[in-house]
1. Please give me, ordered by residue number, the trypsin sites (Lys or Arg not before Pro) of segment 144-199 that lie in loop per DSSP and have at most 13 other Cβ atoms within 10 Å.
2. Which of the listed residues, Tyr193, Leu168, Ser212, is farthest toward the dipole's positive end in segment 139-221, when Lys, Arg count +1 and Asp, Glu count -1 at the beta-carbon?
3. What is the helix-to-structure angle for 84-110, meaning the angle in degrees between its Cα long axis and the longest Cα principal axis of the chain, kept from 0 to 90 and rounded to the nearest 10?
4. Can you tell me the orientation of helix 45-60 relative to the chain, as the angle in degrees between its alpha-carbon axis and the longest Cα principal axis, to the nearest 10?
5. Using only Cα atoms, locate the centre of segment 117-148 and the centre of segment 30-88, then give the distance between them in Å, rounded to an integer.
6. To test your reading of the geometry: what angle, between 0 and 90 degrees and rounded to tens, separates the Cα axis of helix 135-156 from the longest principal axis of the chain?
7. In segment 1-87, what trypsin sites (Lys or Arg not before Pro) fall in a loop by DSSP, with at most 13 other Cβ atoms inside 10 Å?
8. Give me the percent relative contact order of the chain, please, defined on Cα pairs under 8 angstrom at least 6 residues apart.
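The values are calculated or read from the model by the stated rules, or taken from the named source; none is laboratory data. Note that the structure is a prediction, hence the values are computed from the model and not measured. Here the Cβ positions follow ideal geometry from the backbone for every residue, glycine too, while neighbour counts run over all protein chains shown. Only protein heavy atoms, including side chains, enter the accessible area calculation; ligands, DNA and RNA are left aside. Shrake-Rupley method; radii C 1.70, N 1.55, O 1.52, S 1.80 Å.
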Amino acid sequence: MPPPLDIIPHLLDGLWLTVWIALGGCGLAIVCSLLAGLGRRSQDWIVRSFSATYVEVFRGTSAVVQLFWFFYALPILLGIRLDAIVVGILVLGLNIGAYGAEVVRAAIEAVPLGQRQAAVALNLSPWQTMRHVILPQAALMMLPPFGNLLIELLKSTSLVYFIGVTDLLMAGMFFRDDTHRNVETFGMLLLIYFGMSMLITAGVRGLERRLSHGQDYGGAR
């Protein structure tokens, strides 16, 4: 049976909102991953402790509870009221960023010690060593797990349904309630989420192929 394409126009507004939340969350997650991953290896115990606390809190609590906390509890405690879409981007970015921080930390530590020793021999500063020697090699190791995390973030965008955002899932639920076309509606939702996940996979693999050039010696591979 061909896919029920007549459903797509009813899902477009929710689809674009899901895409924007996913893109915003991905950007924030990448930044948080790098900062917290590097922070966990900092020589400053304050930075190290702050990074570890962030990672453990956001990894150890439910994303749904985090959404509720930022959307409902934060205005009561601090008087800060954020738009539901902003809350979705913020929570998903922080949540996935906490997992990504461990990916960054592990990838950096996996770069062979000889690479750091070579950088010292070349009189590179710690920042130059990290930027020009360690991160380019670690980035290649980060990509596969980061791809999985970004797909997980995409799927988690459906959680914003709980704070009233009319995302792809809610748009589908509205259409289902109006038409009672359960199989077609949820089948189309599955196809759309799967298609977006495949786009992320293709992008990550393309970037991995690009970064792998010149990385087959002395380092990450």
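1. none
2. So the residue we want is Ser212.
3. Between helix and principal axis, roughly 30 degrees.
4. Between helix and principal axis, roughly 30 degrees.
5. 26
6. Helix 135-156 sits roughly 20 degrees off the main axis of the chain.
7. Working: sites: Arg40, Arg41, Arg48, Arg59, Arg81; in loops: Arg40, Arg41, Arg81.
Filter output for segment 1-87: Arg81.
8. 30
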